[in-house]
1. In the stretch A:28-106, what GluC sites (Glu not before Pro) fall in a loop by DSSP, with at most 15 other Cβ atoms inside 10 Å?
2. Cα-based Rg (one decimal) and Dmax (whole number) for chain B, in Å?
3. Order of A:92-102, B:55-65, A:14-24 by packing, highest average Cβ count within 10 Å first?
4. From the P(r) of the stretch C:3-91, could you give the percentage of C-alpha pairs in the tail past 20 Å?
5. In Å, what is the Rg of the alpha-carbon atoms in the stretch A:11-102, and how long is Dmax?
6. A 31 angstrom limit on the alpha carbon distance is what I want to check against. Which of A:25/A:89; A:68/B:6; C:41/C:91; B:5/C:91; A:81/B:52 exceed it?
7. Enumerate the calculated ³J(HN,Hα) couplings along the stretch C:84-97 in order (Karplus 6.51 cos²θ - 1.76 cosθ + 1.60, θ = phi - 60°), each rounded to whole Hz, writing x wherever the residue is Gly or Pro.
8. Say each of residue B:86 and residue C:1 gets a label point 7 Å from the Cα, pointing the same way as Cα to Cβ; how far apart are those two points in nm?
Amino acid sequence: MLRTGPYTSQNMDTCYHLARRFLIKGHEVKMFLYEDGVFNVKKEIKSPQERNIAEMMAELLDAGAEIKACGTCARFRGVKKADILEGTKLGGMTVLVNYLNACDRFLSFGF
Amino acid sequence: MNEPKKVIILVRAAPYGMASAAEGFRVIIGLTGMGLDTHAVLVDDGVLVSLKGQAPSDLGMHKLEDAYSQLQDFGARLYVHTPSLEERGILEEDCIGVEPIDDDELGNMISTADHIITF
Amino acid sequence: MENLYLVTRSTFERTAWRLAARLAKPGDTICFIQDAVLAVKGPKDLQVKMSELESNGVNLRFLAEDLNARSLNAPVSKTINYDGLTELIEKARRIIS
């Protein structure tokens, strides 16, 4: 669960580096983006001469990660379905509950 | 059917300055409503959530004291970390009805949890 | 390992590390990542607490990539990289972050 946005804290980067390694090792990785975390999948992120967080998310998706963002959080922040990366979805608390029920390890990154 | 997963939600942030305590509430209610064995613990600055007499209407925000007061009605357990209360000079009698919990009890509770979420 | 505590915020912000320090039990690991790798510099009460924790069988680890980024060093025996952190997460029963 990632609660912070891109380029504001290191949380997204920590998640990326861990997720990449877990996927390579054959684990399933599921990310629930909550609060400002939903901004990490905005497909229009532009970052000249810097790491591009949307591309990092797309790389995780390509490698098999499942990424869903809290729909209510998105609505509160004016983020629409059309704004987010292909392959990601908006979802409710059911998504988080399903992840909690299914996963062996749960990490939360916030403040 | 499997036992429901036990999830501890540590609310560490004071109310209003950050959205954390309010967002934590949404998660506590959601998880409880969907059958998880949900235990919310107010710890560090999060103990301020339990202080009676909050009046955030001038801020245009919901009163978290009232929200958290309802948790037990929804089936979630709500605890307050007494060392965090003491450090901040807050008396239990000035708080909404919460179960007091010390370091040992919190440590033991964590040791029986499936997952921990921090707000 | 039962519990892995992941501390992300600077240890000079008082509450960032204290919950982990007060709850960790023998055999648990506290891993300092992001700004929390500043733990190698203090504050002093943390240094004392860290020695106490280690005497009690709590393992302390620091993430190499985050140390390097900040020009900080920790003893080699306590430094792990992302691959090591991945293994710690695999071994832990639960993670408190």
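Read the figures in this text as sums done on the coordinates, not as results from a lab. Everything numeric in this text was worked out from a predicted model, so none of it was measured. With ideal geometry, Cβ positions are generated from the backbone for all residues, glycine too; neighbour counts draw on all protein chains shown.
1. Values: sites: A:28, A:35, A:44, A:50, A:55, A:59, A:66, A:86; in loops: A:28, A:44, A:50, A:86.
The qualifying sites are A:28, A:44, A:50, A:86.
2. Radius of gyration, then largest Cα-Cα span, for chain B: 13.7, 48 Å.
3. Values: A:92-102: 17.3, B:55-65: 12.2, A:14-24: 19.4.
Those peptides, ordered most packed to least, come out A:14-24, A:92-102, B:55-65.
4. Values: 957 of 3916 pairs.
Of all Cα-Cα pairs in the stretch C:3-91, 24 percent lie more than 20 Å apart.
5. Gyration radius and largest Cα-Cα distance of the stretch A:11-102: 12.8, 40 Å.
6. Working: A:25/A:89 25 Å; A:68/B:6 22 Å; C:41/C:91 28 Å; B:5/C:91 19 Å; A:81/B:52 40 Å.
Exceeds cut-off: A:81/B:52.
7. x, 5, 4, 5, 4, 5, 4, 7, 6, 6, 8, 10, 10, 10
8. Taking the two extended label points, one gets 3.0 nm.
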